[in-house]
Amino acid sequence: MKPLPKMKRKGDAPDKTVAVVPHPARHESHLQAGSEAMDTDRETVRGGRHRLLIGAAVAVLLAGGAYVYFNNGLQPSASVSEARMTIGEVAVRPFEESIPVNAMLVPERTVYLDTVEGGRVVKRHQEDGTYVTAGTPLITLRNKSLELDVMNREAQYTQQLSSLAQAQIAFDQNMLRYDQDLMNAELEINLTRADLDRRLPRDITGVPQSEIDRLEAELSHRERSYATIAAAKERDTANAARNLDQLKQSVARMEASIDLVRESLDGLTLRAPIDGEVSALTTEVGEVLAPGARVAQIDETGAFKVRAQINEFYLGRLTTGQTAQTTINGDRYVLSIDKIYPTVENREFAADLRFVDGAPDGLRRGQSLQLRIALGDQSEYLTIPTGAFYEETGGQFVYVLNAASNTAEKREVVLGRRGADQIQVISGLNAGEDVITSSYSTFAGRNRVRIEQLSRS
């Protein structure tokens, strides 16, 4: 608390004017004592009546003045001890505009767990609030339709595999047959060629020309037969290869489909995706869940961020990197805006902030905080320190100290923007003046309050 300026005590109270009013009975006795006096001094009687009226008026005025004095002035009930006040000086100071916002601690990372396939809950493996590692089962569902689908697909897959195997066997047998035919055709060609070579030259061997012509014709026939078989093999091989490839692709697609269905079936047991604390796990055994239903969430432990809800009026005035302050267990911490969410709901938008120099120990998810977010650069303005008075008066008036009379007088003011520790003064106050910034609850209706000054050595 700023020390109260040394104030002087008022001197003795000023003298009061007292009106003397004649007693009516005494006046009546005087009239009865001698009619002579009434006859001789009628002017005196008229003067007495005049003084009576004046005295009554003065009494009324004094009574009214006393009422005003004791109800709006320095009465004992309007005195306050200096020790119970906080005094602030009106001065030109650096001023940084800020806004108060409500915020809540949330985990640095939260992973939500939703169902992929619907089903009936048949088992609940964990309880809300427990710490789990990645892969730990949380709940198990059962979906009979999905189970039947898997069985049907597996049967179709088995059948397709059988068809592929049979086609492969037929292909291999056909190729073996072609290879055998080609070998036989090649053998006959070789034999015919060898026979022809033995009979040549004709002039030496004496083989008739007709025999030579026959052998040459036979060799040519066998070569054409070989070529026909080879062409047929090539053609059938290409066709069979295409059919086999189609079957293999069909089997591969079916296998992938089965894998997906099996994955969906395995997904009926919902597991923790990360290490963390289970929260919002409210499903019970027997409950039927639709696809995409929110089951639980896993919160990473040990790291927190602060989520603030801010009036939409300030959406265009906030950017990432701006700072805020909060007080936790009596210690002040600085935070920085990390992310601003542009979506407005209920005339508010959200922003995430993080502790600049590390968060204090003992924080819990959902803990509420009061922040003051700085809106701009510091500039110098005429200001007064903030205090409890503002919430009580709305900044419409303050009590200004008068050191000469040991009093504080009520004064209307116009205050502007509020900062973390200062309030901008628009009008009504001058630099160097002292005002009461603590609560006015005991004397807010007074125009003036007496200050019981502490003794100073």
At R294 and Q126, where each label point lies 7 Å from the Cα along Cα→Cβ, what is the point-to-point distance in nanometres?
-> 1.7
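Which order do the peptides 206-219, 118-131, 437-450 take when ranked by the mean count of other beta-carbon atoms within 10 Å per residue, highest first?
Result, highest mean Cβ count within 10 Å first: 437-450, 118-131, 206-219.
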What's the extension gain from T282 to Q168 if we count 0.36 nm per residue and subtract their Cα-Cα distance?
-> 35.6 nm
Residue separation between I328 and D275 times 0.36 nm, minus their alpha-carbon distance, gives in nm 16.3 nm
Residue among S210, A272, A252 farthest towards the positive dipole end of region 208-278, charges placed on Cβ = S210
Region 396-452 versus region 78-156: alpha-carbon centroid distance in Å | 45
Cβ-derived FRET efficiency at R0 22 Å, V111 paired with V344, nearest 0.05 | 0.25
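Here, each number is a calculation from the coordinates, and none is a lab measurement. The structure presented is a predicted model; accordingly, all values stated were derived computationally and were not measured. Backbone-built Cβ (ideal geometry, glycine too); neighbour counts: all protein chains shown.
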